[in-house]
Amino acid sequence: MKSKFAVSFVLLFALIFMWASLSSSVAARPTPWQPTDSISEDSVPLDSTANEAEKPAMPDTASMDSLQKAVWMHNKAIDDSIRADSINARRKGTIESPVEFTAADSLTYDATSGMAHLYGSANVKYQSMDLKSEKIYLNMDSSLVHATGAADSLGTLKGTPIFKWGNDTYENDTMAFNFKSKKGLINNVYTQQEDGYLTSELAKRNDQGDLFIQHGRYTTCDERHPDFYLALSRAKVRPGKDVVFGPAYLVVADVPLPLAIPYGFFPFSKSYSSGFIMPTYGDETSRGFYLRDGGYYFAISDKMDLKLLGEIYTKGSWGLSAASNYRKRYRYSGSFYGSYQNTVTGEKNLPDYSKQTSFKIQWSHRQDAKANPYSSLSASVNFATSSYERNNLTGMYNPSQLTQSTRTSSVSWSTTFSSIGLSLSTTMNLTQNMRDSSIALTLPDLNISISRFYPFKRKHAAGKERWYEKIAMSYTGHISNSISTTEDKLMHSNIIKDWKNGMQHSIPISASFTLFDYLNVTPSFNFTDRTYTNKIMRSWDTATQTEVADTVWGMQNVYNWNMAISMSTKLYGFYKPWRKWFGDKIDAIRHVFTPQISFTYAPDFSAERYGYWETYQKTDADGNVSLVTYSPFSSSLYGVPSAGKTGSISMDISNNVEMKIKSDKDSTGFKKISLIDELGASMSYNMAATTRPWSDLSTRLRLKITKSYTFNLNAVFASYGYEADSVGATPYLATDRTLWGQGKMGRFQGMSQNISYTLDPSKIKKLIAWLKGERPEKDDDKSKKDDDDDDDDIPDRETNEDPTMAKGRHGAEGQSSMADTDADGYMTFSMPWSISFGYGISMRENTGGTFNYSTKRYPYKFTQTLNLSGNIRLSQGWNISFSSGYDFDNKKISMTTASLSRDLHCFNMSCSVVLAPYTSYNFSFRCNAATLTDALKYDKRSSYSNSIQWY
């Protein structure tokens, strides 16, 4: 053991000796590349072109062993780090780019102090900085610049500094700026950030461009002496981002108000961003105090956004809504809105307590035509429960929404296969009656059609076209599933028993020929086939004296066909007026007469072999027996072929009269004037009918009064008159004798006409000029430009502001400050206004009235409607609009609304009033700027349910 211990000790001692000798040899070797103090002696020579011989030679690392090379690499890494620190230390604090400075008056330089003095419109530029001032002092050694204005004879500073850095501009009295640190100190700074303006007595700028201000003001008023502002004790401004401030209070017209907040911030984001939406507060008698239209706006992406709003009332009512807009360029665009309301009125355990839920869904989608020329998807959904608008506080001041009785919705998709002429489309249609809560829903409604084609046309035609090549045919298929029910029963309906469904095919075949070069002959054949899933068989229950309906399920096929032929031509007549009477102004009058006659035939589909019509025997309580004819398919989706044979001859005439006059305004020297655009009449005779074969006479008249107005009049004259066996007997229509055969005019059944016109000062001016024989100037382009300017004045932002009021409020802005004067030098009077009139009248035979046995006529009933709307701009900023009407049946004024708005420069005041049939009002006072429109506002409104008489 001792010998082994001795050997181990000797080996350990030898190893330590060898390590010590190796370390001493490495330390003794000369190392000129060892690191030195880079602060006192930089390892990088100042002269980069120094003699290469003076540089220390690089050692030969190939002759080193592994331990020596490791020590050398470690020393080299330390040396390179110290060298880099030396370079950075030398560059830090230096000016990175040239400084450009100019002066219009003079420039002096003091060599002892290193100060340059610039006088008269001085300008200093450094990188993205641009400083302009009347006086600028520039220290060349310390890179400091000081700018200030020059006092005039009255002691007012002129040419004060304007400091620009990037997109930000700062106006101030005096400022100091350091080029190296990019820090500055500014007195009385004034800068604009988005919609707001910031001023402060003292501001400090750091190297990041942030401003730290003291005793500042924030306002959205663009005047240097603002109408209102938020007085900020201190604030931090990050240009283009936001401003965060400490204690602040509101000042209006230099009067501090007791409205203070401990802290707050305003965003300055140039792109739309997410954020909170301030709610509106108020009170309502039936639902209590409320907070509504408050929530959050989500800026999801550049293609989509989302707005969530809520409302809550102290008596238990609440509501939620979501609105989203989406758009993908060249692909599609649309919007979605959904709202749910839980309305609670009255107090619990009292008779007036009620709880009601309502909702509304709106969806609009449009596909861009460039997205897919062969397929498209569109949607227009407007669905709401019947109680929604009555419970919606906003809808009370929108007459079109509140009085809307019918809502329609549709979603459609279509695609085409152009190679074979096939079109496929499907639609969802919904019609909603708001008065009785009835709903008519069709889901789906599928259409398949093949465009017209010529089956007998030769692919490689040679010679004249043959008669059978003109035969054309097409195909239309229709599959539908629909239901008519009420809102509360829709979701509980049975898809088999309650819904109506069916399929229809239609194949029309036609051709067109020309006979004797003047007659156009068109024969046609139409075949229609229908398929239903059930039929309803009826019978009479003598015991209960009621009709019994029995539904028979199974596929049922119903078809019909008809054929027709029509002929038409055109006859022209020209008349040249007598020159002695009409002069040479009128060149000619042309009369175009277009007669048309057609014949239609269809067999009697009520024959027993078809099975489309059935009969049952009815025995009433007195024992009278009668035969009732009905169709098992009368209530089916596509109906049933009519009973009885059809052999009808239809006649139609049309007249057109035009006059050609000489005109210097037309390049051809002549101008055409339409005297009668169309005067026509149509009538038919059914040869297969045994009673009343003649149809009514339909007439039409169309006159082009002006370029923008066309007068249309339609009237119907019945061929058969009323007859009565005796005075007091029930009148009935004659079956065989026509009024025309008796030498009498047909029985006038009625007519309807609507007239609307908008009157404004420009039209009155044109009328006066026309009466004086003057030629009024065309101002269509000017009017169009004015309209475009008005549209541009409306801000494109999401607020609770009424766009109509915004357009009226800003419509007078942007005009020249120079007043227009007349020939005598007086200021021209201008008060823009417009009034729109709408009058409609209909005349119908009142079969519910008292029958006149002497004239054998019923009295006529007139239905009239009158609508009136207009607006007037009293001055720049004042705008009044109104709408009303008159109900002639009830002899009362219809819904009447009026609104008044006043532009108060920084604020907007508006008031909407509903005068009839109930009285209510809505008053709003809010800031115009988008940044503060939801924060600085006051809204007050009443409810029609309160019946407040406030005037």
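The values are calculated or read from the model by the stated rules, or taken from the named source; none is laboratory data. Predicted, not measured: the structure shown is a model, and the values here were computed from it. Cβ placement follows ideal geometry from the backbone for every residue including glycine, while neighbour counts extend to all protein chains displayed. With ligands, DNA and RNA removed, areas are computed over all heavy atoms of the protein, side chains included. Shrake-Rupley method; radii C 1.70, N 1.55, O 1.52, S 1.80 Å.
Residue 447 meets each of the listed conditions (1) surrounded by 13 or more Cβ atoms within 10 Å (Cβ to Cβ); (2) over 37 Å from the mean Cα position of the chain (by Cα) apart from (2). Scanning the stretch 336-367 for residues that are of a type in the set (A, V, I, L, M) and in a strand (DSSP E or B) yields a total of 2.
Kindly provide the set of residues from the stretch 474-498 that are closer than 20 Å to residue 432 by Cα and open to solvent by less than 30 Å² (accessible area, probe 1.4 Å), ordered by number. Outline the logic, then answer.
Going through the stretch 474-498, the residues closer than 20 Å to residue 432 by Cα turn out to be 480-495, 498.
Passing the criteria: 480, 481, 482, 483, 485.
Against the test of being touching a helix residue (DSSP H, G or I) at 6+ places or on another chain (Cβ under 6 Å), farther than 25 Å from residue 637 by Cβ, open to solvent by 70 Å² or more (accessible area, probe 1.4 Å) and not hydrophobic (A, V, I, L, M, F, W, C), the options 464, 457 yield a single qualifying residue, 457. For the stretch 908-922, residues that are closer than 30 Å to residue 275 by Cβ and either at pLDDT below 85 or among the small types (Gly, Ala, Ser) (or both) total 3. The number of residues in the stretch 505-520 that are of a type in the set (A, V, I, L, M) and either assigned to a loop (DSSP other than H, G, I, E, B) or surrounded by 14 or more Cβ atoms within 10 Å (Cβ to Cβ) (or both) comes to 3. In this structure, does residue 797 turn out to be modelled with pLDDT under 50 and either in a loop (DSSP other than H, G, I, E, B) or open to solvent by less than 80 Å² (accessible area, probe 1.4 Å) (or both)? Judged against the criteria, residue 797 is a match.
For the structure I just gave you, tell me whether residue 291 is open to solvent by 80 Å² or more (accessible area, probe 1.4 Å), within 29 Å of the chain's Cα centre (by Cα) and either in contact (Cβ under 8 Å) with a residue 60 or more places away in the chain or over 29 Å from residue 244 (Cα atoms) (or both). No, not satisfied.
For the stretch 624-642, taking the residues that are over 46 Å from the mean Cα position of the chain (by Cα) and among the aliphatic types (A, V, I, L, M), the one that is nearest to residue 533 (Cα to Cα) is identified as 628. Is there a residue in the stretch 873-886 that is part of a loop (DSSP other than H, G, I, E, B) and either modelled with pLDDT of 85 or more or closer than 22 Å to residue 836 by Cβ (or both)? No, the conditions are met nowhere in the stretch 873-886. Considering (1) in contact (Cβ under 8 Å) with a residue 60 or more places away in the chain; (2) under 30 Å from residue 570 (Cβ atoms), the lone condition that residue 641 does not fulfil carries the number (2). Of the residues making up the stretch 677-700, just one is within 27 Å of residue 758 (Cβ to Cβ) and either among the polar types (S, T, N, Q) or surrounded by fewer than 16 Cβ atoms within 10 Å (Cβ to Cβ) (or both), namely 700.
Just a yes or no: is a residue in the stretch 449-457 over 30 Å from residue 520 (Cα atoms) and either part of a strand (DSSP E or B) or touching an Asp or Glu at 6+ places or on another chain (Cβ under 7 Å) (or both)? No, the stretch 449-457 has no match at all.
Residue 372 passes every criterion in (1) polar (S, T, N, Q); (2) within 30 Å of residue 419 (Cβ to Cβ); (3) in a strand (DSSP E or B) apart from (3).
Run down 400, 386, 378, 405 and say which single residue is farther than 17 Å from residue 284 by Cβ, at pLDDT 90 or above and polar (S, T, N, Q). Outline the logic, then answer.
Details: 400 fails: at pLDDT 90 or above; 386 fails: at pLDDT 90 or above; 405 fails: at pLDDT 90 or above.
Just one listed residue meets the conditions, 378.
The set of residues in the stretch 605-632 being of a type in the set (Gly, Ala, Ser) and assigned to a strand (DSSP E or B) consists of 626 alone. Do the conditions hold for residue 511, that is, is it touching a helix residue (DSSP H, G or I) at 6+ places or on another chain (Cβ under 8 Å) and either among the aliphatic types (A, V, I, L, M) or at pLDDT 95 or above (or both)? Here the answer is yes, as residue 511 does meet what is asked. Screening residue 905 on (1) touching a strand residue (DSSP E or B) at 6+ places or on another chain (Cβ under 9 Å); (2) touching a residue at least 40 places away in the same chain (Cβ under 8 Å) shows it passes everything except condition (1).
Of all residues in the stretch 925-935, those that are of a type in the set (Gly, Ala, Ser), in contact with a strand residue (DSSP E or B) (Cβ under 8 Å, 6 or more places away or on another chain) and open to solvent by 20 Å² or more (accessible area, probe 1.4 Å) total 1. Using the structure shown, decide if residue 551 is closer than 30 Å to residue 498 by Cα and either open to solvent by 70 Å² or more (accessible area, probe 1.4 Å) or touching a Leu at 6+ places or on another chain (Cβ under 9 Å) (or both). Against the criterion (closer than 30 Å to residue 498 by Cα and either open to solvent by 70 Å² or more (accessible area, probe 1.4 Å) or touching a Leu at 6+ places or on another chain (Cβ under 9 Å) (or both)), residue 551 does not qualify. Close Cβ contacts (under 9 Å, 6 or more residues apart or on different chains) running from residues in the stretch 482-499 that are of a type in the set (Asp, Glu) to residues that are at pLDDT 80 or above and surrounded by 14 or more Cβ atoms within 10 Å (Cβ to Cβ) comprise 487/385; 487/432; 487/438; 487/439; 498/483; 498/485.
Scan the stretch 804-814 and tell me whether some residue there is at negative phi, modelled with pLDDT under 50, among the basic types (Lys, Arg) and outside any loop (DSSP other than H, G, I, E, B).
Yes; the residues of the stretch 804-814 include at least one that is at negative phi, modelled with pLDDT under 50, among the basic types (Lys, Arg) and outside any loop (DSSP other than H, G, I, E, B).
Residue count for the stretch 234-255 under the criterion of being open to solvent by less than 60 Å² (accessible area, probe 1.4 Å), within 30 Å of residue 165 (Cβ to Cβ) and either assigned to a strand (DSSP E or B) or at pLDDT 90 or above (or both): the result is 7. Within the stretch 643-681, can you find the residues that are over 41 Å from the mean Cα position of the chain (by Cα), modelled with pLDDT of 90 or more and of a type in the set (Val, Ile, Thr)? Of everything in the stretch 643-681, those that are over 41 Å from the mean Cα position of the chain (by Cα), modelled with pLDDT of 90 or more and of a type in the set (Val, Ile, Thr) turn out to be 649, 653, 657. Within the option set 782, 778, being at pLDDT below 85 and either in a loop (DSSP other than H, G, I, E, B) or touching a Gly at 6+ places or on another chain (Cβ under 6 Å) (or both) holds for one residue only, 778.
In the stretch 488-500 there is at least one residue that is at pLDDT 85 or above and in a strand (DSSP E or B).
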